[in-house]
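Input: a single structure, listed below in structure tokens.
The values are calculated or read from the model by the stated rules, or taken from the named source; none is laboratory data. As the structure is a computational prediction, the values presented were derived from the model and not from experiment. Note that each Cβ is placed from the backbone with ideal geometry, even for glycine, and that neighbours are counted across all protein chains shown. Heavy atoms of the whole protein, side chains included, go into the accessibility calculation; ligands, DNA and RNA do not. Shrake-Rupley method; radii C 1.70, N 1.55, O 1.52, S 1.80 Å.
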Amino acid sequence: MTGYFTCVQDKLNINQIPYPTTKKWVDSEGVTPVTPSLGPSKKLTILQKPTRCIFSATRLCMVRSLCIVWCLFVLISAAPAQSGFKAVDGRKRVEIPFEYVNDFIILTIKFNGFIPLKFIFDTGAEHTILTKREISDLLRVQYEREFRVTGSDLQTELVAYLARNIRFDIPDKLYAPAEDILVLQDDYFRFEEYAGVNVHGILSAISFSRFVIKINYDRQTLTLYDRDSYQQRESGFESLPIELYRNKIYLNTTLQVLPDSVAPVKLLLDTGAGLPMLLFSDTHPLVHPPPKAISSNIGMGLGGYIEGYTGRIYHVSLGNFSEKGVITYFQTLDSTRNYEYLNSRNGLLGNSLLSHFQVILDYQNALIWLKPSHRYNESFVYDRSGLSIIASGSRFNQYIVQNVLPGSPAAEAGIRRDDQIVGIRNLPAGFFSLSSIQRILQKKPGKKIRIAIRRDGEKIRKTIVLRDLI
């Protein structure tokens, strides 16, 4: 049960509030406005008043990993329109390979002409974000505007900066000459711990919106087609109308939490979410956890865990296609907050479900095409141990127990939070990737998994007997 992360962007839960005063900082020569967090050697021009916002990033610590980035910024709407990516030499078709790791689409992109970085391709992100400020500092990127945001605990204050005219390149394929991005002062989200690989930021899918975008999860490719010349002739696809709001894609459909109930729902299509489905309880009378759902920590925000439920819904419709037994996370929204930014949605669909299809996105014509892949109607498997694990170390092959579900097989075996997993099946834990450990912990009920842990310097051997939790 490792690291779903509802990350940053709409995934930041933003309510804009005026900052009470304009702050000015002056360097030793008395001429350049700077921010104390950067120090006098790193210049930052504040062109507008800083803005204080409410920021809620949810890290869903369940079965398969990392990231929904509900991000920041209503605030960046003051920026000019971004140019987006263009095809090298005006090509009509460009194919881009991606890594598919723990249900995340990861692209390698050259940042400002110099450094190849890894970005999560995210249809649920309103804007592109760099989470590693040391990279932009190294390249002497100028920050135009500061944003102060408050964590989900309403106490932790975070800082981000607006950087304009950043160049991105996918060599010999695509380039974006002048993108406006957000740079986080600190890496608040620690993507690597939940993905098990280096991740430097989030790329909003809107950057590719001049193209028709085909996502082939089986082949692990994004194919971009010139919109004016593209015609969808491939058999097996069904087109569905979508709604576009603040650069994000919404699908109106129906689902059944129980066999005898049908609820109309609006769902965000979110390739930045490494989960099948998340629903907001009580946004519709028929949207609620099923009877066999388990109470659990479904996420960790900036300031604490987020309580919710995990269960299986009976059925969700996607046009003439459908999926049954979908693992679904249920979160109850705080009735005291303003959720206008949610666009009246009932939840989201993530990569774990979308990967059961080939997906074609057409922003211009507000259409999505779906075609079943080899994973279509494949069962959704939930963790059978009760462990939430994060990756650490320079090679992300050191594993720490982040959470243990009460009453689960892991809890019964005596495994605790902060134990380090040093061995699995009589092999060093470093031989395994985070995703391979997750697969081991999803094996058939009754399977005994031998694990060695280190606690307070002592090596202890444990045996987990797997069983269905939902």
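Tabulated data for the structure shown
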read-out: The range 408-437 residues that are closer than 25 Å to residue 470 by Cβ, paired with ones that are open to solvent by 10 Å² or more (accessible area, probe 1.4 Å) and hydroxyl-bearing (Ser, Thr, Tyr) (beta carbon under 8 Å, 6 or more apart); value: 413/463
read-out: Number of the exception - residue 438 against (1) of a type in the set (S, T, N, Q); (2) modelled with pLDDT of 95 or more; (3) within 28 Å of the chain's Cα centre (by Cα); value: (2)
read-out: Near pairs, Cβ below 7 angstrom, 6+ apart or cross-chain, from the range 121-135 (in a loop (DSSP other than H, G, I, E, B)) to any residue that is of a type in the set (Lys, Arg) and surrounded by fewer than 24 Cβ atoms within 10 Å (Cβ to Cβ); value: 126/246
read-out: All strands (runs of 3 or more DSSP E) inside the range 239-339 with 2 or more residues being farther than 20 Å from residue 406 by Cβ and of a type outside the set (Asp, Glu); value: 243-245, 248-256, 263-269, 277-281, 304-318, 321-332
read-out: Condition broken by residue 404, with the remaining ones in (1) modelled with pLDDT of 95 or more; (2) crowded, with 21+ Cβ neighbours inside 10 Å satisfied; value: (1)
read-out: Filter pass, residue 421 being in contact with a Phe, Trp or Tyr (Cβ under 7 Å, 6 or more places away or on another chain) and surrounded by 15 or more Cβ atoms within 10 Å (Cβ to Cβ); value: yes
read-out: Test: residue 345 is charged (D, E, K, R) and either modelled with pLDDT of 90 or more or part of a strand (DSSP E or B) (or both); value: yes
read-out: Output for the range 350-383, where each listed residue is part of a strand (DSSP E or B) and open to solvent by less than 20 Å² (accessible area, probe 1.4 Å); value: 357, 359, 360, 361, 362, 368, 370
read-out: Filtered residue count, the range 357-385, keeping only those that are in contact with a Leu (Cβ under 9 Å, 6 or more places away or on another chain) and under 24 Å from residue 224 (Cα atoms); value: 11
read-out: From the options 366, 391, residue that is of a type outside the set (Phe, Trp, Tyr) and in contact with a Phe, Trp or Tyr (Cβ under 7 Å, 6 or more places away or on another chain); value: 391
read-out: Filter pass, residue 322 being open to solvent by 10 Å² or more (accessible area, probe 1.4 Å) and among the small types (Gly, Ala, Ser); value: yes
read-out: Residue tally, condition modelled with pLDDT of 95 or more and either within 15 Å of residue 310 (Cβ to Cβ) or charged (D, E, K, R) (or both), over the range 356-384; value: 2
read-out: Leading residue by the ranking (surrounded by the fewest Cβ atoms within 10 Å (Cβ to Cβ)) among those in the range 111-150 that are among the small types (Gly, Ala, Ser) and within 13 Å of the chain's Cα centre (by Cα); value: 124
read-out: The lone exception for residue 210 - which of (1) touching a Gly at 6+ places or on another chain (Cβ under 7 Å); (2) open to solvent by less than 30 Å² (accessible area, probe 1.4 Å); (3) over 22 Å from residue 351 (Cβ atoms) it fails; value: (2)
read-out: Only listed residue being closer than 20 Å to residue 297 by Cα and either touching a residue at least 60 places away in the same chain (Cβ under 8 Å) or exposed (fewer than 12 other Cβ atoms within 10 Å of the Cβ) (or both), chosen from 467, 395; value: 467
read-out: Extreme residue, surrounded by the most Cβ atoms within 10 Å (Cβ to Cβ), among residues of the range 237-253 that are out of contact with any helix residue (DSSP H, G or I) (no Cβ under 9 Å at 6 or more places or on another chain) and of a type in the set (S, T, N, Q); value: 253
read-out: Residue pairs meeting the criteria (Cβ under 6 Å; at least 6 apart or on separate chains; first touching a residue at least 24 places away in the same chain (Cβ under 8 Å) and farther than 14 Å from residue 227 by Cβ, in the range 198-210; second polar (S, T, N, Q) and buried (at least 24 other Cβ atoms within 10 Å of the Cβ)); value: 201/131; 203/128; 204/128; 205/123
read-out: Any hit, the range 427-436, residues being aromatic (Phe, Trp, Tyr), part of a strand (DSSP E or B), in contact with a strand residue (DSSP E or B) (Cβ under 9 Å, 6 or more places away or on another chain) and more than 21 Å from residue 326 (Cβ to Cβ); value: no
read-out: Residues (farther than 15 Å from residue 122 by Cβ and open to solvent by less than 10 Å² (accessible area, probe 1.4 Å)) located in the range 171-183; value: 174, 176, 180, 183
